[in-house]
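A short write-up of the structure that comes next.
The values are calculated or read from the model by the stated rules, or taken from the named source; none is laboratory data. Note that the structure is predicted; figures quoted are calculated from it, not measured. Ideal geometry is used to build each Cβ from the backbone, glycine not excepted, and the neighbour counts take in all protein chains shown. The accessibility values were calculated without ligands, DNA or RNA, using every heavy atom of the protein model including side chains. Shrake-Rupley method; radii C 1.70, N 1.55, O 1.52, S 1.80 Å.
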Amino acid sequence: MFHLEVSQLHKSYGETKVFEGIEFGIRKGELVTLLGPSGCGKSTLLRALAGLTPVDGGQVRVAGEDITWQEPQKRGIGMVFQSYALFPNMTVWDNVAFGLKMKPQPGRELAASVKEALELVELTGFERRYPGELSGGQRQRVALARALVVRPRILLLDEPLSALDARIRRSLRQQIREIQQRLELTTIFVTHDQEEALTLSDRIFLMNKGSIVQSGTPEQIYTRPASEFVASFIGSPPMNLLTKAP
């Protein structure tokens with residue numbers, strides 16, 4: 001049984017179709033990457049799952065519950081954005097605690113949850129700093145902690161590493177995978193970077209022009225492309241990446 005099920009989801013802006021006929025299922029604890037060129041609809045699809053962009057039709061179910069028309073704060077979904085989306089006038093502690101403060105929760109439990117989330121992303125000791133005092137990688141880890149602290153049923157990551165340099169990207173990519181596996185967290189990661197998709201994913205959903213054109217394990221996608229577009233887009237990665245553990 002799938003933890004997240006999407007059926008016939010579609011979204012348009014006027015005459016422009018963003019995505020159409022989207023169907024997939026993701027198992028609990030699985031990390032799936034939405035891979036595809038810019039403008040293929042993957043980020044809009046992610047925002048639709050989070051409830052930030054209303055869809056025109058279809059269904060989204062989490063653990064058997066229909067959440068298609070639920071408000072974002074009721075879905076139990078955490079999201080990390082490419083732009084961090086931190087409050088510059090709040091400390092690291094207050095940024096991470098913000099989502100919890102929107103819920104009725106005793107102060108002692110809130111403090112323990114924030115402490116645990118900061119430990120997960122290795123930012124203990126940074127509680128009283130402000131976003132402007134942090135590096136890009138540290139700011140993205142604060143954004144990740146803020147998403148994790150509410151204990152989401154699903155974690156969505158919208159190109160969270162694209163603004164970082166290569167060394168920090170590799171380090172943070174590994175940290176995200178380790179946290180995801182430790183928490184057994186159902187995760188969707190959006191990227192247009194083939195290496196990220198290959199090294200992070202349990203499965204890859206490759207998108208083009210608003211549709212999922214192929215899905216499968218990284219090895220299946222890269223060794224058995226289903227179309228000329230897939231073969232052209234993914235290229236020929238080094239074989240050591242296909243066998244390297246995340």
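The figures follow:
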{"read-out": "Check on Gln175, assigned to a helix (DSSP H, G or I), surrounded by 19 or more Cβ atoms within 10 Å (Cβ to Cβ), on the phi < 0 side of the Ramachandran plot and not hydroxyl-bearing (Ser, Thr, Tyr)", "value": "no"}
{"read-out": "Tabulated pairs, region 54-81, first assigned to a helix (DSSP H, G or I), second open to solvent by less than 60 Å² (accessible area, probe 1.4 Å), C-beta under 9 angstrom, 6+ apart or interchain", "value": "Pro72/Ala50; Pro72/Gly51; Pro72/Met79; Gln73/Gly51; Gln73/Gly99; Lys74/Gly51; Lys74/Ile67"}
{"read-out": "Qualifying residue in region 158-172 (condition: assigned to a loop (DSSP other than H, G, I, E, B), among the hydrophobic types (A, V, I, L, M, F, W, C) and surrounded by 20 or more Cβ atoms within 10 Å (Cβ to Cβ))", "value": "yes"}
{"read-out": "Search result, residues across region 96-152 that are within 17 Å of the chain's Cα centre (by Cα), in a loop (DSSP other than H, G, I, E, B) and on the phi < 0 side of the Ramachandran plot", "value": "Val121, Val149, Val150, Pro152"}
{"read-out": "Number of the exception - Tyr84 against (1) over 28 Å from Arg169 (Cβ atoms); (2) surrounded by 19 or more Cβ atoms within 10 Å (Cβ to Cβ); (3) touching a Pro at 6+ places or on another chain (Cβ under 8 Å)", "value": "(1)"}
{"read-out": "Cross-chain or 6+ apart pairs with Cβ under 6 Å, region 103-128 first and of a type in the set (D, E, K, R), then at pLDDT 90 or above and open to solvent by less than 60 Å² (accessible area, probe 1.4 Å)", "value": "Glu127/Val92; Glu127/Trp93; Arg128/Thr91"}
